[in-house]
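To keep things clear, I will list the structure first and then write my remarks on it.
The values are calculated or read from the model by the stated rules, or taken from the named source; none is laboratory data. Quick caveat: nothing in here was measured; it's all calculated off a predicted structure. Positions of Cβ are generated from backbone atoms using ideal geometry, with glycine treated the same way; all protein chains shown enter the neighbour counts. Quick note on the areas: whole protein, heavy atoms, side chains included, nothing else; ligands and nucleic acids left out. Shrake-Rupley method; radii C 1.70, N 1.55, O 1.52, S 1.80 Å.
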Amino acid sequence: KNIIGPRCNDCHGADANTSGGGKNFSSYATLMSSGTLSAGSAANSTFYQSITRTTDQMPKGGVPLTGQEMQIIADWINAGAMNN
């Protein structure tokens, strides 16, 4: 929540239907129901793929996540994406 909230919720917050392509990450429940995470596999998670790709990288128009932030997210997803 310390990375996704401040870095993703400008577009993927409560108003995600208009600005974030319908992908709402404003809470753990909405993130998990977004269909973008494959708990246990960052490599198979479109959420992780979107922050690590070299073209059209998220956050769009924003500062890319640092390598450390990406690694924290990968580790979290690979550990099962628990609500912690």
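Taking only the C-alpha atoms of the chain, Rg followed by Dmax gives 11.7, 32 Å. In this simple spin-label model, placing a label point 7 Å from the Cα along the Cα-to-Cβ direction at both Q57 and S38 gives a separation of 2.2 nm. Its Cα centre serving as origin, the chain has a Cβ charge dipole (Lys and Arg +1, Asp and Glu -1) of approximately 40 debye. A 1.4 Å probe run over region 28-84, with the rest of the protein chains in place, finds 58 Å² accessible per residue. Counting only protein heavy atoms and a probe of 1.4 Å, the accessible surface of the chain is 51% carbon and sulfur.
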